[in-house]
Every structure is written in structure tokens, then in C-alpha cells.
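A.B. asks: Here it is, the structure, as C-alpha cells.
Rule-based calculations on the coordinates, nothing more; no lab input. Every value quoted in this text rests on a predicted model; they were computed, and no experiment measured them. Positions of Cβ are backbone-derived with ideal geometry, glycine not excepted, and every protein chain shown enters the neighbour counts.
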């Protein structure tokens, strides 16, 4: 029904407006008596064989929703009904910010992709906490955190630590987002020495808390082998809990969209099918060259059960969807979980 009826209608309108309309629709439908339980009966696959134990957490299944979809933690309780094993909120910054000027979200229909330059638009950490206080405990929640766009380089770490400390009681794991291409200058965030400093400071703060949270690093798909070797060294040196591979890409290679259309869209990160192979390649390189010494969450171009299995075969312990969820609809999560069960 989604691909035949809803998606063609949604795709007639501006992607960002549709995004918020969909939020309202799901929120409203889940308030109708028995509707949430109907969604669960349709989309959830409950089987102990799907459980995954990583960095001290038990995921009821290995399929999650990537950051960027529920930025302000307003829909995670409802989204849990669609069968996700975990949901990542954010990116959350210390202060709310509007992000980049609109229009900033574009579909690449022929490529089954999206280009965005949202710029960490979110309502800030206080708003996220207010929403997370309504957590019904249905699903594991990750907190994807970043810096405010106007923050000067000397204060980057301060921003991350502020959100880390405030969110600590409300999420199950953290993701340090250092690879988003849409937040102005982020050269410092790609420097290994700085990343060691950032991770170490977050770990020190983590150790001061009553209960420690796993910390992961989200990396770009555009890193070359030498840079990926640095990521492997970084993980070994800092003992960070894992890596998410990968964020959106700045490359525009092999797209079906015309050069005129791409020029019309302008800059932004590419997600969806166009980055599937590059993301999987990064996962495989990290897994093979680290002797699978740390957990990897695979994300980027997962539009089918086959795509998810490719990432798992490459070395991913968990997978996340985002653009695939938009193009394929909520049945995608169930299809992936069923395929994983059939393979086990």
C-alpha cells in the first residue's frame, strides 16, 4: 500500500513538509484505540534469534532507525511500533538552531537517493530531554550529538560535553557525529589528534556518571584507506565502543540525476542507494583490517533485505535505515528481520 498509494502522493510535495506531515499522521494514528497494537502485529518480528548483545546492551533485533529522522525525539515511542530494534535521535546540539536556509532537502527519484543540507536543525538538548521523559521503554534509544554551527573550534569539545552530560540519563548509547558535511567548517573534526581528545574527554565524563553509556563514532563514507587505518588506530587507542559507517557522502559519482539538476540542488550530503556500495566497502575495510576488533553499525543505502545482509556479511553487527525507510516504507524493517532469521 505504501509504495503503490502513499509514496506517489507524498512525492508530489516538498520533502521537508512531507516529513513533518508524516510525523503528525503517525502520531495521530497511534492515538486511535488499538492502532498501535495493529501496527505492532503487522510490522514487528519477535524472535530471540534476532537478539544482539553489543557494548552491554541487548538489542531485540539488529535493525535500527538512523539519526536525522526523529531529530527532537518526538516520535520514537510511535516509531517503535514499526519493528525497530533501536532508534537514534538527533543530531542534538546544546542550543536549538534553525539549520541551513530552505529549500535544503531534495529527492533523487531515479537514484533512490536524497541530498540534504539540513545543517543540524534541531530544538536543542533541553527540548530533546523534555520529549525523552515520555519514554515508554519500548526500544533502545541512541543519542546522536554534535556542536552548534556558530561554535568556534576552541569550544567544539565543550558543546559535545554539554549535550553528553545533559542527555546521559535519557539515552542508552551515544554517537559522536563528527562527519556531517552540512555544518560549515568541520576540518578539525576530521583530525585524529582532536578526535582522541574529544573521545577521551567524553569518556572521562562518562566514567563520572553512576552508569556508563557506550560511545560510538560516526564516520564519513568518503574516507580513503589511509584515513580508515587512522580510524582503526583511533579505536584501538581510545577503546571507544564502536563505529557507525557511514554518514552522507559529498561525492556525486555515477548518479542518474542530470548535471543540470545537481547544479540546481547545490551542495549537500548524498544518502540512499547511491552510497550503498561505498558504505559497504568502508564496513568491510574496517572489519577486515581490524580483525573485527570492534562493533560496527552499518548504514547507507539499505533499501532491501539483500542490502542489509550485504552489510552484515561485510562485517556490520547492526544496520540502520533512513532513506530506504522513506522509499520502501515501514515493511522494510520486517523484511530485513525475516531475511536475517531465514539466514540464521
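A.B. asks: Could you work out the pair-distance distribution P(r) of region 1-105 from its alpha-carbon pairs, with 10 angstrom bin width and percents rounded to whole numbers?
C.D. replies: Answer for region 1-105: a P(r) of 12, 35, 36, 15, 1 percent.
A.B. asks: When only Cα pairs under 8 Å and 6 or more residues apart are kept, what is the percent relative contact order across region 228-344?
C.D. replies: That works out to 26 percent.
A.B. asks: Convex hull volume of the Cα atoms in region 77-216, per residue, in Å³?
C.D. replies: Numbers: hull volume 18.4 nm³, N = 140.
Cα convex hull per residue, to the nearest whole number: 132 Å³.
A.B. asks: Can you give the relative contact order of the chain as a percent, counting alpha carbon pairs under 8 Å and 6+ residues apart?
C.D. replies: Values: 651 pairs, mean separation 59.0, N = 344.
Contact order relative to length: 17 percent.
A.B. asks: Same structure again: Based on DSSP H runs of at least 4 residues, each adding -39500 (n - 2.57), what is the mean residue ellipticity at 222 nm of the chain after dividing by all its residues, to the nearest 500 deg cm²/dmol?
C.D. replies: That comes out to -11500 deg cm²/dmol.
A.B. asks: Mind sorting out which of (i) 144; (ii) 130; (iii) 170 is the real volume of the Cα convex hull per residue in Å³ computed from the coordinates?
C.D. replies: (ii)
A.B. asks: Specify the inter-centroid distance of region 117-177 and region 3-21, based on alpha-carbon positions, in whole Å.
C.D. replies: 28
A.B. asks: Same structure again: If the elastic network links every pair of Cα atoms under 10 Å, which of 209, 97, 320 fluctuates the most in the Gaussian network model of the chain?
C.D. replies: 209
A.B. asks: In which sequence would 55, 84 go, from the one with the fewest C-beta neighbours within 10 Å to the one with the most?
C.D. replies: Working: 55 17, 84 27.
By the 10 Å Cβ count, ascending: 55, 84.
A.B. asks: Which order results if 1, 29, 118 are arranged by neighbouring Cβ count within 10 Å, fewest first?
C.D. replies: On the way: 1 8, 29 14, 118 22.
Fewest-to-most ranking of 1, 29, 118: 1, 29, 118.
A.B. asks: Order these by the 10 Å Cβ neighbour count, fewest first: 303, 19.
C.D. replies: 19, 303
A.B. asks: Let me ask something else about it. Can you compute the FRET efficiency between residue 42 and residue 154 using 1/(1 + (r/R0)^6), with r the Cβ-Cβ distance and R0 = 56 Å? Round to the nearest 0.05. Intermediate results must be reported in sequence, preceding the final value.
C.D. replies: Working: r = 51 Å, r/R0 = 0.91.
Efficiency, from the Cβ-Cβ distance: 0.65.
A.B. asks: If you split all Cα-Cα distances of region 300-344 into 5 Å bins from zero, what percentages do you get per bin, shortest first?
C.D. replies: The percentages, shortest bin first, are 5, 26, 37, 23, 9, 1.
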